[in-house]
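The structure appears right after this line, and notes come after that.
The values are calculated or read from the model by the stated rules, or taken from the named source; none is laboratory data. These numbers come from a predicted model, not from an experiment. Virtual Cβ from ideal backbone geometry, glycine too; neighbours counted across all protein chains shown.
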Amino acid sequence: MYAFTYETPASVADAARLTAAGGKPIAGGQSLLPSMRLRLANPGQIIDLNGIPELAGIRREGNALVIGAMARHMDVAGSADVKAAIPALADLAAHIGDRQVRARGTLGGSVANNDPAACYPSAVLALGATVITDQREIAADDFFVGMYTTALQEGELITAIRFPIPKRAAYLKFKQAASRFSLVGVFVAQTDAGVRVAVTGAASSVFRQQALEAALSKDFSVASAAAVKVDASDLNTDIHASAIYRANLISVQTQRAVAQMLG
């Protein structure tokens, strides 16, 4: 690693001030620390967010769950409120990485990093969540811009994410065996406004699969999902899977998610 200074702010205001001055915030450190060890990242100052109580916590507000940015994966997985309101989100969190990753990784860190194969972005997008920062609120459809890129401005910090509670939802992930990231993950949410289908692991960033959304909004059935031919032209091909294979996985995982939601 390169040399750096280490700050431990006690409030969002202090953290925002340090970040605006050029510091790099760290939450669980699951992405930043490996990059620093490999000398792919060289922050001169680290701002540890772990000592800020207002960034943690999970609460219900009307027909939504508000989850603090520093909520650990294990906190989301074990929360009685999450299990009762959005069990698919609790199940997603329970299968991120391994136990050590779940004990350290955070919701806000995962969403801010926007890894193309991360699980949480699919839940944020499929549920039509709102990303709350120290400066504004950003709709999920406007938040994820591209590979490791979001709508966050320099110095802007995620403080919480507000998840509307759907009628029902499910997340199905086909894991890459070594990393446990999603080779393809599909989050399906049925709401009063229709069906949203978000896909992770298949392209350069999480995205909504609009053909599946349209079909399932008209007829929420396994047969309806199976009838949609998923376009592979913008999907990834790499050592793990071809674009065509990923397209097939999107179809299969969506069908399984629908079957699970129908019980």
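Each residue in the stretch 73-106 was checked for being within 20 Å of Gly62 (Cβ to Cβ) and part of a helix (DSSP H, G or I), and 11 pass.
Pairing each residue of the stretch 96-115 that is closer than 21 Å to Val66 by Cβ with any residue that is assigned to a loop (DSSP other than H, G, I, E, B) and of a type in the set (Phe, Trp, Tyr), provided the two are 6+ apart or on different chains, yields C-beta distances under 6 Å for Asn114/Tyr148. Taking the criterion of being part of a helix (DSSP H, G or I), touching a residue at least 40 places away in the same chain (Cβ under 8 Å) and more than 16 Å from Ala198 (Cβ to Cβ), the only residue of the stretch 211-242 that qualifies is Val222. The condition of being surrounded by 14 or more Cβ atoms within 10 Å (Cβ to Cβ) and among the small types (Gly, Ala, Ser) holds for only one of Ala13, Ala21, Ala85, that being Ala85. The conditions of being part of a strand (DSSP E or B) and over 22 Å from Gln209 (Cα atoms) are met by Ile67. Scanning the stretch 73-94 for residues being in contact with a strand residue (DSSP E or B) (Cβ under 7 Å, 6 or more places away or on another chain), free of Cβ contacts under 8 Å to residues at least 60 places away in the same chain and closer than 16 Å to Val124 by Cα gives a total of 2. Among the residues of the stretch 171-192, the ones that are surrounded by fewer than 24 Cβ atoms within 10 Å (Cβ to Cβ), among the small types (Gly, Ala, Ser) and either touching a residue at least 40 places away in the same chain (Cβ under 8 Å) or touching a strand residue (DSSP E or B) at 6+ places or on another chain (Cβ under 8 Å) (or both) come to 1 in all. Among the residues that make up the stretch 61-72, is at least one of them polar (S, T, N, Q), out of contact with any His (no Cβ under 8 Å at 6 or more places or on another chain) and crowded, with 23+ Cβ neighbours inside 10 Å? Checking the stretch 61-72: not a single residue is polar (S, T, N, Q), out of contact with any His (no Cβ under 8 Å at 6 or more places or on another chain) and crowded, with 23+ Cβ neighbours inside 10 Å.
Taken residue by residue, the stretch 149-168 has at least one member that is within 21 Å of Asp234 (Cα to Cα) and part of a strand (DSSP E or B). For the stretch 192-200, the condition holds for no residue, the condition being that it is modelled with pLDDT of 95 or more, under 30 Å from Glu54 (Cα atoms), outside any strand (DSSP E or B) and in the same structural domain as His240 (by TED's automatic domain parsing). Among the residues of the stretch 1-19, those that are more than 15 Å from Ala69 (Cβ to Cβ) and either of a type in the set (S, T, N, Q) or assigned to a strand (DSSP E or B) (or both) comprise Thr5, Tyr6, Glu7, Thr8.
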